[in-house]
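Beneath this line is the structure, given in structure tokens, with notes to follow.
The values are calculated or read from the model by the stated rules, or taken from the named source; none is laboratory data. Predicted model, so just to flag it, every value in this text is computed and none were measured. Neighbour counts run over all protein chains shown; Cβ positions are idealised from the backbone, glycine included. Please note that ligands, DNA and RNA were not included when accessible areas were found on the heavy atoms of the full protein model with its side chains. Shrake-Rupley method; radii C 1.70, N 1.55, O 1.52, S 1.80 Å.
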Amino acid sequence: MSCDLLTLATPGVAGLQPYQPGKPVEELERELGISNIIKLASNENPLGVSSAVRQAVHAFNDYGRYPDGNAFTLKAMLAEKHGVTADRITVGNGSNDVLELIARATVTREHEIIYSDHAFAVYALVTQALGANAKVTAAVNWGHDLVAMQAAVSDNTRIIFIANPNNPTGTWLSHDEMVAFMRTVPDHVIVVLDEAYYEYASADDYPDSAALMQKHDNLMVTRTFSKAYGLASLRIGYAISSPALADLMNRVRQPFNVNSLAMIAAQAALGDERFLAESIAVNAAGMQQLIAGLDDMGLHFIPSRGNFIAVNLQQPGAVVYQKLLHEGVIVRPVDNYGMPDCLRVSIGLEDENARFLLALAKVLDR
Ligand SMILES: *Cc1c(COP(=O)(O)O)cnc(C)c1O
């Protein structure tokens, strides 16, 4: 008997391209026969993690027991931090987990999910895996076009995914834009505001999502410990939403979707405001350093409020990416985001940023 098992895929999964993670540094060093490679490719915190987190993780020894499936302690801390009740918090195995939970709880093949061109890749993955209909709106100046997104809403729309700032473009939406947008979105549509880079992005005109959520039960905000808090390896993020949406997500999540170490690390991270402030300061300085260096080379870039910047090389980014690899610098090609002439560079430490700029000048002959 023979059967091509791939034909068993559901229609959505049949067309899915898996997410392409970057190669580990060690593997590349072996492949290219070079050492001291720097990785500015995954928007990780270049400072690593707070020493408070390290200590908390070392002190943990309850490996034999299941984690607290209700995340009681962490939810209480997050509830206090955000001034909400704990029934509005949903904790996930990375914020990607909660992005998927809300979709799985509310979307079937009959429904549509709206997101923008150049938006974070997970929105497309989630939509396709469910076999739902993707409505992708055109970007304006690389950013989300909220007017187009609102115009795309139909009776079958269940979710609008908005990344603010967006990855990989770094573009952002202001408070006033979000206020006007939320007024136009009907109640049957859940707006998921993905604030993975919130800690870096907050500025005067950045949306006050807490105030917005008080007016709109269909607005849900996601945050992560993977970026400014430096916990990318442990996979932990969360959503703040109405209790009703939290209830729906709680129904479909795995009972122990977040592990004990991740929760302990997140709790310690929340308690170390100095590390967070330092991370934000290092990022701000690094962003200025990169912008100055790119300006010096006469290169274009998309202004960013994240911990990364998309450089518009006006030539195939994949070629420049390969040349940079041979200089020991890993950045992120973004062809799969419809940005073939760009490369996304994560902000690193000062010497890493300097190395990237030198390597870029060399391979572009500037
Ligand atoms: C990095 C990132 C996330 C975070 O994902 P985790 O699963 O929490 O690591 C979410 N949204 C966007 C837009 C991101 O760039």
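Odds and ends about this structure:
- On inspection, V98 qualifies as in the same structural domain as A262 (by TED's automatic domain parsing), within 12 Å of the ligand (Cβ to nearest atom) and assigned to a helix (DSSP H, G or I).
- Residue match in the range 32-39 (condition: over 25 Å from T222 (Cα atoms), buried (at least 16 other Cβ atoms within 10 Å of the Cβ) and charged (D, E, K, R)): yes
- Positions within the range 223-279 being touching a Pro at 6+ places or on another chain (Cβ under 7 Å), hydrophobic (A, V, I, L, M, F, W, C) and surrounded by fewer than 17 Cβ atoms within 10 Å (Cβ to Cβ), in sequence order: F256
- Criterion (hydrophobic (A, V, I, L, M, F, W, C), without any contact (Cβ under 8 Å) to a residue 60 or more places away in the chain and open to solvent by less than 30 Å² (accessible area, probe 1.4 Å)) met by exactly one of A71, A79: A79
Each row is one residue, and each column tells you yes or no for (1) touching a helix residue (DSSP H, G or I) at 6+ places or on another chain (Cβ under 8 Å); (2) of a type in the set (A, V, I, L, M, F, W, C).
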| residue | (1), (2) |
| --- | --- |
| E278 | no, no |
| D295 | no, no |
| I302 | no, yes |
| H326 | yes, no |
| V329 | yes, yes |
| R355 | no, no |
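- In the set (1) of a type in the set (G, A, S); (2) more than 18 Å from E110 (Cα to Cα); (3) open to solvent by 10 Å² or more (accessible area, probe 1.4 Å), A163 fails one condition alone, (3).
- Residue-level check: of (1) of a type in the set (V, I, T); (2) under 18 Å from the mean Cα position of the chain (by Cα); (3) not in a strand (DSSP E or B), V363 misses just (2).
- Options T90, T106: the member that is among the polar types (S, T, N, Q), touching a residue at least 60 places away in the same chain (Cβ under 8 Å), on the phi < 0 side of the Ramachandran plot and more than 16 Å from the ligand (Cβ to nearest atom): T106
- For the range 27-58, the tally of residues that are over 25 Å from H326 (Cα atoms) and of a type in the set (A, V, I, L, M, F, W, C) stands at 5.
- Lone unmet requirement of (1) more than 19 Å from N283 (Cβ to Cβ); (2) outside any loop (DSSP other than H, G, I, E, B); (3) open to solvent by 20 Å² or more (accessible area, probe 1.4 Å) for Q314: (2)
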